[in-house]
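Below is one structure, written out as structure tokens, with a few remarks after it.
The values are calculated or read from the model by the stated rules, or taken from the named source; none is laboratory data. All values reported here derive from a predicted model rather than from experimental measurement. Positions of Cβ are generated from backbone atoms using ideal geometry, with glycine treated the same way; all protein chains shown enter the neighbour counts. Calculation scope for accessible area: heavy atoms of the full protein, side chains included, ligands and nucleic acids excluded. Shrake-Rupley method; radii C 1.70, N 1.55, O 1.52, S 1.80 Å.
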Amino acid sequence: QVQLVESGGGLVQAGGSLRLSCAASGSIFSINAMRWYRQAPGKQRELVAVMTNGGPTIYADSVKGRFTISRDNAKNTVYLQMNSLKPEDTAVYYCAAWSPEYVYWGQGTQVTVSS
């Protein structure tokens, strides 16, 4: 089992920045990739960023150049630095941990960008 706890969401004006955190605990040795997703009201959940063990990071076209995924192995935490935020970035953001057998999800954190 892997437990994920997100934090760092909030209300920010367009052009501002936020940093989301996703702290992992439990059987983290089984994780081979961490992902950030988001879901806006009335829309499907979409992939935002991916970080694999030893592999490249991948970003959705809509966030390239503005968002950065990173991790601190000592803290078992993955981050999503979000700069130049736009109103269309408003969504609930979820982190997900991928293992060979299962995908674990956090509870989500709300990000609201005002125009």
**Q.** Residue under evaluation R38, criteria (1) farther than 18 Å from V2 by Cα; (2) assigned to a strand (DSSP E or B); (3) in contact with a Leu (Cβ under 8 Å, 6 or more places away or on another chain); (4) not small (G, A, S), criterion not met
**A.** (3)
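I'd like to check something: does segment 16-25 contain any residue that is of a type in the set (A, V, I, L, M), closer than 21 Å to S84 by Cβ and assigned to a strand (DSSP E or B)? Spell out how you get there, then give the answer.
In the first step, residues of segment 16-25 are kept if they are of a type in the set (A, V, I, L, M); the result is 18, 20, 23-24.
So of that shortlist, the ones also closer than 21 Å to S84 by Cβ come out as 18, 20.
This time we only want the ones that are assigned to a strand (DSSP E or B), so: 18, 20.
Yes, segment 16-25 contains a residue that is of a type in the set (A, V, I, L, M), closer than 21 Å to S84 by Cβ and assigned to a strand (DSSP E or B).
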Q: Kindly list, by first and then second residue, each pair from a residue in segment 1-27 that is more than 19 Å from Q110 (Cβ to Cβ) to a residue that is open to solvent by 40 Å² or more (accessible area, probe 1.4 Å) and among the hydrophobic types (A, V, I, L, M, F, W, C), limited to pairs with Cβ atoms under 9 Å and residues at least 6 apart or on different chains.
A: V2/I28; Q3/A23; A24/V5; S25/V5
(Q) Name the single residue that is farthest from R19 (Cα to Cα) among those in segment 63-115 being open to solvent by less than 20 Å² (accessible area, probe 1.4 Å) and of a type in the set (G, A, S). (A) S99
(Q) Looking at segment 31-58 only, could you name the residues that are open to solvent by less than 30 Å² (accessible area, probe 1.4 Å) and out of contact with any Cys (no Cβ under 9 Å at 6 or more places or on another chain)? (A) I31, A33, R38, A40, V48, A49, V50, M51
